[in-house]
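Values quoted throughout were computed directly from the atomic coordinates according to the rules given, and no laboratory measurement underlies them. What you see is a predicted model; the values in this text were computed from it and never measured. Glycine also receives a Cβ, built like all others from the backbone with ideal geometry; neighbour counts cover every protein chain displayed.
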Amino acid sequence: MSKKKLKTISTKKVQANYTALLDRKDLEDIRNRMNEFDKQREILIKLGRDVIKLSKQIIYCAHRNELEEAEKLSKEIKRLVE
């Protein structure tokens, strides 16, 4: 059996081929959309953490029979998600 040599391609050639496939403006648009998506994702993650923390506090208040405080925290959650 004969061994075939693998052909190596330089990274510059690969980058040049990809650049030819997508316009720089299109790449910039994609980057901007991904950045905006990531910002929104981070906001949503923080909001989720805040809601979970307040929910935990509501449960503790209910266990201590502090229903007025629990109601106040519940209104805070409603304010956050609106």
Express in nm, to one decimal, how much length is gained between residue 78 and residue 60 on full extension, taking 0.36 nm for each residue of separation and deducting their alpha carbon distance.
4.7 nm
Excluding same-chain pairs closer than 8 in sequence, count the lysine pairs in the stretch 32-82 whose Cα atoms lie under 20 Å apart.
9
Counting only C-alpha contacts under 8 Å and six or more residues apart, can you give the relative contact order of the stretch 24-81 as a whole percent?
30
Rounded to a whole number of µm²/s, how large is the Stokes-Einstein D of the stretch 24-81 at 4 °C and 1.567 mPa s, given Rh as the Kirkwood radius over C-alpha pairs?
96
What is the sum of charges, Lys and Arg at +1 and Asp and Glu at -1, for the other residues whose Cβ falls under 14 Å from the Cβ of residue 41?
+1
